[in-house]
Amino acid sequence: QVQLVESGGGLVQAGGSLRLSCAASGRTFSIYAMGWFRQAPAKEREFVAFINWSGGTTYYADAVKGRFTISRDNAKNTVYLQMSSLKVEDTAVYYCAQRSAGTASTRPYEYSYWGQGTQVTVSS
């Protein structure tokens with residue numbers, strides 16, 4: 001049983017940056033892989049980034065590769081998503097999620113726990 005809480009969303013101009021944080025409840029956080037997903041209005045939830053338990057393996061959606069960086073600080077029970085060079089099409093609610101298995105996954109149903117999301121709005 002894990003509780004995840006996202007923060008750091010907001011309104012930003014295109015080309016700007018934001019850093020999202022996801023704080024976990026803490027119990028055995030360090031052994032779990034984590035992911036970030038996003039969902040725009042009228043669209044399906046889509047994969048953004050993945051990080052394994054140690055932070056040594058990351059994987060990104062093509063749409064954000066080179067612009068977003070996922071990282072984690074297990075001592076703080078927190079995973080981050082650093083977003084740079086933001087585009088209008090990045091506008092969405094961003095969710096962090098915890099995966100029980102250690103292998104990379106881009107599929108939402110393979111993640112067991114979810115936060116409530118944080119809104120990111122990029123203006124032109």
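The values are calculated or read from the model by the stated rules, or taken from the named source; none is laboratory data. Just so you know, these numbers come straight off a predicted model, no measurement behind them. We place every Cβ from the backbone using ideal geometry, glycine too, and count neighbours over all the protein chains shown. The area values use the complete protein model at the heavy-atom level, side chains included, leaving out ligands, DNA and RNA. Shrake-Rupley method; radii C 1.70, N 1.55, O 1.52, S 1.80 Å.
Test Gly115 against the stated conditions and say whether it is out of contact with any Asp or Glu (no Cβ under 7 Å at 6 or more places or on another chain) and over 12 Å from Ala49 (Cβ atoms).
Working: out of contact with any Asp or Glu (no Cβ under 7 Å at 6 or more places or on another chain): no; over 12 Å from Ala49 (Cβ atoms): yes.
For Gly115, the condition - out of contact with any Asp or Glu (no Cβ under 7 Å at 6 or more places or on another chain) and over 12 Å from Ala49 (Cβ atoms) - is not met.
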Any chance segment 31-48 includes a residue that's within 11 Å of the chain's Cα centre (by Cα) and farther than 20 Å from Tyr113 by Cβ? no
Only residues that are surrounded by 14 or more Cβ atoms within 10 Å (Cβ to Cβ) and either among the aliphatic types (A, V, I, L, M) or on the phi > 0 side of the Ramachandran plot (or both): list them for segment 93-110, please. Val93, Ala97, Ala104
Within segment 77-92, track down each residue that is open to solvent by less than 20 Å² (accessible area, probe 1.4 Å), in a strand (DSSP E or B) and not hydrophobic (A, V, I, L, M, F, W, C). Thr78
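Does segment 93-104 contain at least one residue that is outside any strand (DSSP E or B), at pLDDT 95 or above, in contact with a strand residue (DSSP E or B) (Cβ under 7 Å, 6 or more places away or on another chain) and under 15 Å from Glu46 (Cα atoms)?
Initially, segment 93-104 is screened for residues outside any strand (DSSP E or B), giving 100-104.
Checking which are at pLDDT 95 or above leaves us with none.
No, there is no match, as no residue in segment 93-104 is outside any strand (DSSP E or B), at pLDDT 95 or above, in contact with a strand residue (DSSP E or B) (Cβ under 7 Å, 6 or more places away or on another chain) and under 15 Å from Glu46 (Cα atoms).
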Qualifying residues in segment 24-41 (those that are at pLDDT 95 or above and farther than 13 Å from Gly102 by Cβ) - the one most open to solvent (accessible area, probe 1.4 Å): Gln39
Quick count over segment 43-76, residues being open to solvent by less than 10 Å² (accessible area, probe 1.4 Å) and under 12 Å from Tyr32 (Cα atoms), is 2
Taking the criterion of being within 17 Å of Ser21 (Cβ to Cβ), open to solvent by 40 Å² or more (accessible area, probe 1.4 Å), at pLDDT 95 or above and in a loop (DSSP other than H, G, I, E, B), would at least one residue in segment 111-119 satisfy it? yes
List, please: which pairs have Cβ atoms under 7 Å, are six or more places apart or on different chains, and start with a residue in segment 78-90 that is on the phi > 0 side of the Ramachandran plot and end with one that is open to solvent by 20 Å² or more (accessible area, probe 1.4 Å)? Ser85/Gly15; Ser85/Arg67
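Could you identify the single residue in Arg67, Arg72, Arg19 that is under 15 Å from the mean Cα position of the chain (by Cα) and closer than 15 Å to Ala92 by Cα?
Answer to the check: Arg19.
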